[in-house]
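See structure below.
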Amino acid sequence: MYHAETIDVAVIGGGHAGCEAALAAARLGMRTVLFAISLDSIAMMPCNPSIGGSSKGHLVREVDALGGEMGKVIDKTYIQTKMLNTVYSLRAQADKQAYQSEMKHRLENTPNLKIKQAEIVDIRMENGRVSGVVTAAGAVYDCKAAVLCMGTYMKARC
């Protein structure tokens, strides 16, 4: 193992939650690294690339109110919007590649934020607190916090 870098926050996973967590930490002035197994999978949407609906639509509005990017990126990349049934919840369907490209561009151009292609295999603890993360290649990133955002592709298990 070797010491790679000292950072403030390690964000593990590059889906919607990981992107928002990394942006939020970096905007607060924390040295942040977003770790993704593949750089090509950052902000990748599923086969039904939509944002909105009765549950996620509410969440996106809250994230938007707090300065998040998901709502802004879907506004820039949607190909259609639709008001759903009698609950009147808006859903926007995205151009998958455009959404992914736009979100990745925003991440890459945010001060205090780096993106690394690496699999995190261990979270180090000292005195009950996070002290670092370890990649599969043996790189150690000392950090004060780790945000786990593995998402639905991990069966949403923590």
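Specify the residue that is most open to solvent (accessible area, probe 1.4 Å); the eligible residues are those in the stretch 62-102 that are outside any strand (DSSP E or B) and at pLDDT below 80.
Taking the stretch 62-102 first, the residues outside any strand (DSSP E or B) are 62-77, 85-88, 95-102.
Now narrow it down to the ones that are at pLDDT below 80: 85-88.
Values: 85: 113, 86: 120, 87: 90, 88: 169 Å².
So, considering only residues that are outside any strand (DSSP E or B) and at pLDDT below 80, the one most open to solvent (accessible area, probe 1.4 Å) is 88.
Any residue that is surrounded by 14 or more Cβ atoms within 10 Å (Cβ to Cβ) and within 16 Å of residue 112 (Cα to Cα) - is there at least one of those in the stretch 34-43?
Within the stretch 34-43 (the criterion being surrounded by 14 or more Cβ atoms within 10 Å (Cβ to Cβ) and within 16 Å of residue 112 (Cα to Cα)), the answer is yes, since at least one residue qualifies.
Among the residues of the stretch 125-148, write down those that are within 22 Å of residue 17 (Cβ to Cβ), surrounded by 14 or more Cβ atoms within 10 Å (Cβ to Cβ) and not aromatic (Phe, Trp, Tyr).
130, 132, 133, 134, 135, 143, 144, 145, 146, 147, 148, listed by residue number.
Going by what's in this entry, would residue 81 be described as in contact (Cβ under 8 Å) with a residue 12 or more places away in the chain, in contact with a helix residue (DSSP H, G or I) (Cβ under 6 Å, 6 or more places away or on another chain) and among the β-branched types (Val, Ile, Thr)?
no
Which count do you get for residues in the stretch 24-61 that are over 30 Å from residue 88 (Cα atoms), in contact (Cβ under 8 Å) with a residue 12 or more places away in the chain and over 8 Å from the mean Cα position of the chain (by Cα)?
Of the residues in the stretch 24-61, 14 are over 30 Å from residue 88 (Cα atoms), in contact (Cβ under 8 Å) with a residue 12 or more places away in the chain and over 8 Å from the mean Cα position of the chain (by Cα).
The values are calculated or read from the model by the stated rules, or taken from the named source; none is laboratory data. Predicted model only: the values in this text are computed from it and were never measured. As a convention, Cβ positions derive from the backbone with ideal geometry for all residues, glycine included, and neighbour counts pool all protein chains shown. With ligands, DNA and RNA removed, areas are computed over all heavy atoms of the protein, side chains included. Shrake-Rupley method; radii C 1.70, N 1.55, O 1.52, S 1.80 Å.
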